[in-house]
Amino acid sequence: MRKAAPGALRKLLPRASGLRIVASPQFRAVATTREGSIFSPTAEHQALREMVRSFAEAEVEPQANEFNRLEKMNVPLFKKLGELGLLGVTVPEEYGGSGMDATAAVIVHEELAAVDPGFCLAYLAHSMLFVNNLAQNGNEDMKKAFLPAVCDGSKIGGMCMSEPSVGTDVLGMKTTAVKDGDEYVINGAKMWITNGTLDGETTGDCYLVYAKTGSTNRDISLFLLEKGTPGFSLGQQIKEKCGMRASMTAELVFQDCRVPASNLVGDLGKASLCMMRNLEIERVVLAAMSLGIARRCVEEMNRYAGDRKAFGNSLNSFGQIQRLISESYAEYQAGRSYVYQTAAELDLSSTGNGLDADGVKLYCGVMGKNVADRAIQVMGGYGYVGEYNVERLWRDSKLLEIGGGTNEAHHKNMVRDLSRKVDKLP
């Protein structure tokens with residue numbers, strides 16, 4: 001496990017001045033996270049959790065429903081994450097980051113998703129798919145040139161992998177990059193790109209783009225592109241999504257797009273390694289988002305069932321309701337332990353952690369959706385409308401069974417890894 005850098009939270013916390021650091025009132029008696037537990041293994045992890053929870057409840061929560069309705073990203077609020085040191089949470093301090101580990105990334109995603117999964121998804125695309133990806137795979141010049149601006153929020157980025165006709169079969173991508181002198185010429189299109197636009201009219205600021213650079217499916221390379229590069233444009237904003245509407249999704253188009261050869265990230269034709277390395281942390285933090293959704297839904301249904309009266313009694317006195325709440329709480333806690341154990345063992349610079357990265361996302365994606373569904377059932381008509389939040393969380397939860405790897409892809413990957421590597425379980 002990569003430990004939090006000494007002083008990382010001392011660097012973060014002064015930026016959070018004005019925030020009131022308090023534990024959430026929900027489940028305070030039974031579910032308070034303690035320093036030294038797997039969920040907050042150090043004092044810095046615990047301070048990070050308290051800071052992010054306070055920020056989420058004070059500033060992210062009040063705007064969540066409005067930006068969901070508008071299908072817009074709250075860019076000014078997003079930039080505040082840079083002021084708090086969260087946009088580069090896993091990036092070494094020398095590049096403007098906070099130098100923390102996978103557990104810290106999980107904490108941030110769980111806490112943000114508990115109030116606004118769409119806002120959190122935009123954070124994930126920037127902080128994990130672009131920032132962490134570049135920190136792990138870029139050369140020294142790239143890291144010095146680009147990481148400070150994406151860590152402080154002055155630039156917002158994303159990652160381009162899926163295509164209009166290529167999803168799970170990612171190595172079948174059609175986008176190509178052909179060497180021409182000291183440049184590469186990129187042609188193709190990328191689809192479902194989170195942060196693909198920030199305003200509905202232009203692209204975001206910077207992207208890591210996967211493209212084919214050889215004759216086989218394994219000849220994949222990674223390039224860094226900036227807004228305004230000739231031949232690079234916004235195809236369309238994807239609207240009317242089921243959920244995650246507070247993150248903006250787009251198609252990006254590359255038409256004879258010329259990028260300097262120096263913008264190649266990592267080795268030519270070897271980006272599948274970059275892809276696999278970053279997919280592991282992506283899947284773990286997507287699972288953490290499901291934890292945030294599930295936790296909030298358990299809190300909401302527990303509160304409602306205690307307050308609502310039916311047939312002269314509190315709703316939580318009926319066995320059918322007790323089953324929905326208790327099973328949801330148990331499944332959330334089981335998923336939480338699995339996610340944080342996996343994060344504790346995840347080295348961000350390595351590969352080979354795919355079995356449990358797939359496993360946590362497979363389990364938690366289904367769990368989060370089921371818990372959200374139960375919350376609506378407990379709350380009845382009130383659960384079905386936006387004012388009570390669980391309707392939005394239910395819609396948001398579905399993406400986590402698709403994005404970053406479908407459930408079916410996780411099944412395939414896990415059985416492959418189990419058959420190759422596992423005879424007896426520990």
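Numbers below:
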{"quantity": "Ser247 vs. criteria polar (S, T, N, Q), out of contact with any Cys (no Cβ under 6 Å at 6 or more places or on another chain) and modelled with pLDDT of 95 or more", "calculated": "yes"}
{"quantity": "Residues of the stretch 309-337 classified as over 23 Å from the mean Cα position of the chain (by Cα), among the small types (Gly, Ala, Ser) and in a helix (DSSP H, G or I), total", "calculated": "4"}
{"quantity": "Some residue of the stretch 414-426 being under 19 Å from Leu286 (Cα atoms) and either at pLDDT 95 or above or open to solvent by 10 Å² or more (accessible area, probe 1.4 Å) (or both)", "calculated": "yes"}
{"quantity": "Residue selected from the stretch 62-101 under the condition among the small types (Gly, Ala, Ser) and part of a loop (DSSP other than H, G, I, E, B), by the criterion surrounded by the fewest Cβ atoms within 10 Å (Cβ to Cβ)", "calculated": "Gly96"}
{"quantity": "Residues satisfying the stated conditions in the stretch 102-140, i.e. part of a helix (DSSP H, G or I), over 21 Å from Val360 (Cα atoms) and touching a residue at least 24 places away in the same chain (Cβ under 8 Å)", "calculated": "Phe119, His126, Phe130, Val131, Leu134, Ala135, Gln136, Asn137"}
{"quantity": "Residue count for the stretch 186-236, restricted to those that are open to solvent by less than 30 Å² (accessible area, probe 1.4 Å) and of a type in the set (D, E, K, R)", "calculated": "1"}
{"quantity": "Cross-chain or 6+ apart pairs with Cβ under 7 Å, the stretch 364-382 first and open to solvent by 10 Å² or more (accessible area, probe 1.4 Å), then among the basic types (Lys, Arg)", "calculated": "Lys369/Lys398"}
{"quantity": "Filtered residue count, the stretch 268-281, keeping only those that are in a helix (DSSP H, G or I) and touching a Lys or Arg at 6+ places or on another chain (Cβ under 9 Å)", "calculated": "1"}
{"quantity": "Segments classed as strands (runs of 3 or more DSSP E), wholly inside the stretch 141-204, with at least 2 members that are at pLDDT 95 or above, in contact with a Leu (Cβ under 8 Å, 6 or more places away or on another chain) and not small (Gly, Ala, Ser)", "calculated": "157-160, 183-194"}
{"quantity": "Unique residue being small (Gly, Ala, Ser) and either under 19 Å from Gly404 (Cα atoms) or open to solvent by 20 Å² or more (accessible area, probe 1.4 Å) (or both) when the list is Gly158, Gly138", "calculated": "Gly158"}
{"quantity": "Residue satisfying condition, being closer than 22 Å to His109 by Cα and not in a helix (DSSP H, G or I), within set Asp396, Asp358, Asp347, Asp423", "calculated": "Asp347"}
{"quantity": "Search result, residues across the stretch 347-363 that are among the acidic types (Asp, Glu) and open to solvent by less than 40 Å² (accessible area, probe 1.4 Å)", "calculated": "Asp358"}
{"quantity": "Neighbours by Cβ (under 8 Å, 6+ apart or cross-chain): first from the stretch 170-198, on the phi > 0 side of the Ramachandran plot; second in a loop (DSSP other than H, G, I, E, B) and β-branched (Val, Ile, Thr)", "calculated": "Gly188/Thr175; Asn195/Ile156"}
{"quantity": "Residue within the stretch 249-266 that is assigned to a strand (DSSP E or B), open to solvent by 30 Å² or more (accessible area, probe 1.4 Å), of a type in the set (Lys, Arg) and in contact (Cβ under 8 Å) with a residue 40 or more places away in the chain present", "calculated": "yes"}
{"quantity": "Any hit, the stretch 309-326, residues being of a type in the set (Gly, Ala, Ser), at pLDDT 95 or above, under 28 Å from Asp396 (Cβ atoms) and open to solvent by 40 Å² or more (accessible area, probe 1.4 Å)", "calculated": "yes"}
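Rundown of residues vs (1) aliphatic (A, V, I, L, M); (2) part of a helix (DSSP H, G or I); (3) within 18 Å of the chain's Cα centre (by Cα), yes/no style:
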| residue | (1), (2), (3) |
| --- | --- |
| Gln377 | no, yes, no |
| Gly381 | no, yes, no |
| Gly403 | no, no, yes |
| Glu408 | no, yes, no |
| Val415 | yes, yes, no |
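The values are calculated or read from the model by the stated rules, or taken from the named source; none is laboratory data. Values in this document were obtained by computation on a predicted structure and should not be read as measured data. Neighbour counts are summed over all protein chains in view; Cβ atoms, including those assigned to glycine, are modelled from backbone coordinates with ideal geometry. Note: accessible area is taken over every heavy atom of the protein model, side chains too, but ligands, DNA and RNA are not part of it. Shrake-Rupley method; radii C 1.70, N 1.55, O 1.52, S 1.80 Å.
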